[in-house]
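Note sheet for the following structure.
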């Protein structure tokens, strides 16, 4: 979703036309400026969402990763019922897809994607694998793309999750990719005795998101 990542999305996922989703006229408005393939947040979203979900299916090759965080409003109060959407590459640095996805927005996001709805304390969690960087020269560091849907109001992308132990996350790249949209996405991973990585990505609704006042107007 970040501008730095867009060229690589096109290279790896193809430049196929994006078809309208089944939710062509969602009640939410797009805030924060253009967003490549953001309409995927309305495609194949389960009718019922819990506060925790899977992105990569069980058995997907790669190192296991758990993402956890709390979503708050600008006043730091827990935000319940917010939809957190995330997607990322597989262990080969690609967005796996199928021919059936070619004319949908979700094709650009691949098949490793998931949705969670924050609980009463604003908490959400994803189980997945650690993504790999794109298999091209000068690729950006490993990252997890994230979007927020404030139900009935607006949707927008926030800063990717970035990993502090990734050698590609140089100080210059960090300055360019860590814009503070939704709060900083830079996270320090930790690995437990079983070999599972974990990171924390807290989110502040609307923080440094241009035109977020469109949400308040709904």
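Quick look at the values:
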quantity: Separation between Cα centres of segment 198-218 and segment 23-81, rounded to whole Å; calculated: 13 Å
quantity: Antiparallel %, DSSP beta bridges [both residues in segment 78-218], to 5; calculated: 90 percent
quantity: Global form of segment 115-218, assessed from the alpha-carbon gyration tensor, a/c cut-off 1.5; calculated: oblate
quantity: Relative contact order (%) - criterion: Cα under 8 Å, at least six apart; region: segment 37-137; calculated: 45 percent
quantity: From the C-alpha gyration tensor of segment 67-165, square roots of 5λ in Å; calculated: 26, 17, 11
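Bear in mind these aren't lab numbers, they're just calculated from the coordinates by the rules spelled out. Because the structure is predicted, anything quoted here is derived from the model rather than measured.
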